[in-house]
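Right, one structure below, let's go through it.
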Amino acid sequence: MEIAILGYGTVGRSVRAIAETLPELHVRRILHRREVPELGDLVTLRPEDVFRDAAVDTVVECIGGTDVAREYVLAALRAGKHVVTPNKNLIAAHDEELRRCADEHGVTLRYTAAAGGGIPWLYNLRRQARADRITAVEGILNGTCNYILDAMHREGRSFDDVLRDAQKRGYAESDPSSDIDGLDTLHKCAISARLAFGVPAPEDALPVFGIRAVTDEDIRYFKERDLVCKLFMQAYLTEGGYAAYVCPVLLPSDHLAAHVPANNNLVSLTGRYSGLMSFYGQGAGGDPTGLSVIEDLLDTAYGARIDETLYREQELPLDLDRVKHRYYLREGKEAILTEPLAPGELVKMLRAKDPCDFFVAEIRE
Ligand code: HSE
């Protein structure tokens with residue numbers, strides 16, 4: 001397989017390093033915005049060196065973002081090249097368009113690393129959805145938020161202190177708002193819901209609450225009640241519809257997800273036949289994510305296709321008004337436990353408020 005890597009950042013570097021250990025994969029070109037002296041002619045600054053090179057059969061997109069990445073992925077697919085990408089922003093925003101383009105040109109688009117990083121979550125979710133009936137997916141899909149909440153719980157450290165630490169360790173996005181406001185998790189929630197249920201799951205219709213406003217006092221309150229706070233994505237089928245949203249949850253301390261340490265992820269599916277199945281591991285980082293990209297490349301090379309024909313679309317409406325939970329809601333110094341509310345009702349209640357002014361968490365009983 002002759003590969004071109006677009007973008008030579010953390011993941012691009014790991015993809016190249018791992019590919020060099022495998023005789024099946026040959027990195028023919030790297031498109032980057034500047035020269036990389038130690039790589040010499042392997043690196044080009046000109047996109048046409050990739051898209052017009054008939055010998056390149058597969059493109060790995062590691063640029064990130066949605067604009068240039070979308071343009072280049074479309075160019076690669078139209079040029080008849082398979083594409084593998086770990087780019088959650090791109091897939092959350094444009095998966096349908098890109099999938100159709102891949103279909104039209106008889107090539108494949110794979111994005112296992114777009115949610116869960118090094119965990120083969122999306123691959124297995126999609127595989128499972130062929131014959132099982134997935135009724136729910138949920139879990140921790142943002143390492144930065146888990147790192148922050150875990151350190152606040154275990155070490156009693158403040159939010160700002162731990163966030164700085166997460167940034168230094170390279171877990172957080174360049175703008176960590178995307179992590180702490182739940183938007184990174186929302187991308188992964190939407191992608192997971194689409195593969196689980198075959199629904200459109202438009203991101204702008206899905207509720208999202210983050211952890212920006214959580215305080216040491218909130219965490220103390222939870223610990224005194226033997227509860228552990230985690231940022232969760234969840235999506236489930238309701239009678240005649242589906243729900244999908246992102247919100248902190250308060251878990252009993254014996255819940256599996258309550259034990260997830262540091263920047264790890266834990267994500268689960270519930271299937272009619274499989275029951276509950278969970279996937280745990282590194283949701284970010286160059287080598288874990290790079291390896292996930294490599295596995296997609298090997299599947300492409302060996303033709304292990306999970307065809308678009310097996311992506312079963314369902315006409316289900318978004319239904320945020322069915323399942324109710326109580327919520328911990330703190331505004332200023334005042335904390336209350338709400339009556340049971342559906343996510344749609346919670347959104348209506350908090351719509352006019354500034355997310356910096358309140359912290360909300362769903363109580364799992
Ligand atoms: N900022 C993300 C995280 C990176 O912390 O999980 C992986 O998507």
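At-a-glance table
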quantity	calculated
Test for residue 363: is it of a type in the set (Val, Ile, Thr) and within 28 Å of residue 219 (Cβ to Cβ)	yes
Residues (away from the ligand (no atom under 16 Å from the Cβ), closer than 17 Å to residue 143 by Cα and over 15 Å from the mean Cα position of the chain (by Cα)) located in the range 265-294	278
Pair list, Cβ < 7 Å and 6+ apart or interchain, from the range 238-252 residues that are in contact (Cβ under 8 Å) with a residue 60 or more places away in the chain to residues that are of a type in the set (Ser, Thr, Tyr)	242/236; 243/236; 246/185; 250/328
Residue list for the range 141-186, restricted to those being near the ligand (Cβ under 9 Å from one of its atoms) and not in a loop (DSSP other than H, G, I, E, B)	143, 144, 145, 146, 147, 166, 178, 179, 184, 185
Boolean, residue 93 is within 12 Å of the ligand (Cβ to nearest atom), part of a helix (DSSP H, G or I), touching a residue at least 40 places away in the same chain (Cβ under 8 Å) and aliphatic (A, V, I, L, M)	no
Count of residues meeting criterion [on the phi < 0 side of the Ramachandran plot and within 16 Å of the ligand (Cβ to nearest atom)] in the range 243-264	7
2 or more residues under 18 Å from residue 232 (Cβ atoms): qualifying strands (runs of 3 or more DSSP E) within the range 250-354	264-271, 275-282, 327-331
Any chance residue 102 is buried (at least 19 other Cβ atoms within 10 Å of the Cβ) and under 21 Å from residue 298 (Cα atoms)	yes
Given (1) more than 14 Å from the ligand (Cβ to nearest atom); (2) within 30 Å of residue 270 (Cβ to Cβ); (3) part of a helix (DSSP H, G or I), index of the condition residue 138 fails	(3)
Qualifying residue in the range 107-120 (condition: closer than 30 Å to residue 81 by Cα and without any contact (Cβ under 8 Å) to a residue 60 or more places away in the chain)	yes
Answer residue from the range 267-299, given it is in contact with a Ser or Thr (Cβ under 6 Å, 6 or more places away or on another chain) and not charged (D, E, K, R) and is surrounded by the fewest Cβ atoms within 10 Å (Cβ to Cβ) among those	276
Exclusive hit being farther than 24 Å from residue 86 by Cβ and loosely packed, with under 15 Cβ neighbours inside 10 Å, set 207, 252	252
Failed criterion for residue 65 (all others in (1) free of Cβ contacts under 8 Å to residues at least 24 places away in the same chain; (2) surrounded by fewer than 19 Cβ atoms within 10 Å (Cβ to Cβ) hold)	(1)
Condition met for residue 120 (under 30 Å from residue 345 (Cα atoms) and modelled with pLDDT of 95 or more)	no
Hits in the range 17-42 - residues which are more than 26 Å from the chain's Cα centre (by Cα) and in a strand (DSSP E or B)	26, 27, 28, 29
Single residue of 50, 73 found to be surrounded by 20 or more Cβ atoms within 10 Å (Cβ to Cβ), in a helix (DSSP H, G or I) and touching a Phe, Trp or Tyr at 6+ places or on another chain (Cβ under 9 Å)	50
Hits in the range 76-87 (condition: surrounded by 19 or more Cβ atoms within 10 Å (Cβ to Cβ) and either farther than 25 Å from residue 302 by Cβ or aliphatic (A, V, I, L, M) (or both))	76, 77, 83, 84
Residue under evaluation residue 238, criteria (1) of a type outside the set (Lys, Arg); (2) out of contact with any Lys or Arg (no Cβ under 6 Å at 6 or more places or on another chain); (3) surrounded by fewer than 21 Cβ atoms within 10 Å (Cβ to Cβ), criterion not met	(2)
Members of the range 230-245 that are within 14 Å of residue 207 (Cα to Cα) and aliphatic (A, V, I, L, M)	231, 233, 235, 243, 244
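The values are calculated or read from the model by the stated rules, or taken from the named source; none is laboratory data. Since the structure is predicted, the reported quantities are computational estimates derived from the model, not experimental observations. Here the Cβ is made from the backbone with ideal geometry for all residues, glycine too, and neighbour counts use every protein chain on show.
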